[in-house]
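A short worksheet on the structure shown next.
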Amino acid sequence: MNTLIRIRGYVLGADVHEPTASFQTDKPKYELLVHPELPDDWFPIQEIIDSLKWEYEQSQYLKPPTYEDLSKPAVKDRCFEDGCFKFESLYKPKLFGELDFTKYDEELFGKFVQVVGHVQIQEFGNCFLSFHIIEPAIHIADGFDG
């Protein structure tokens, strides 16, 4: 299944220049919160999530049950937070255009961007959005002088 996604919207939170330490490995964890451009941008992403989860559940039925399966924690998806898409990565995303000249996360706040990444499913069956590229997006109202 192709899980490549492109989301356009406004940056409302960022840990791109100053990542936080991830809980499991203490490696830097890059995060980005993007409020979607259009109200129905959620639906295609949710369809991918539902499809990945269905495939994951089907694959679990093919395996014989083990003791470890009973002790697996229930882990929530991490795709959405506070009305935004939540992107995460252990690798620094590539910034393009004017964003490449930013040095602090606060400089990204409010920018209209396009984020390129993937919907991914982890070993416990929870989904998250990875991201690899952040680039300025052209807004429909750019250059409009009223």
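The values are calculated or read from the model by the stated rules, or taken from the named source; none is laboratory data. Nothing here was measured: the structure is a model prediction, and the numbers come from that model. Here Cβ is always computed from backbone atoms with ideal geometry, including for glycine, and neighbour counts include all displayed protein chains.
Miscellaneous remarks
- Close pairs from region 128-146: first over 20 Å from LYS92 (Cα atoms), partner modelled with pLDDT under 85, Cβ under 7 Å, at least 6 apart: none
- Residue tally, condition of a type in the set (Phe, Trp, Tyr) and free of Cβ contacts under 8 Å to residues at least 12 places away in the same chain, over region 15-41: 1
- Subset of region 38-75 that is of a type in the set (Lys, Arg) and at pLDDT below 90 - its residue that is nearest to the chain's Cα centre (by Cα): LYS72
- Note on region 78-122: residues that are in a strand (DSSP E or B) and closer than 12 Å to VAL11 by Cα total 8.
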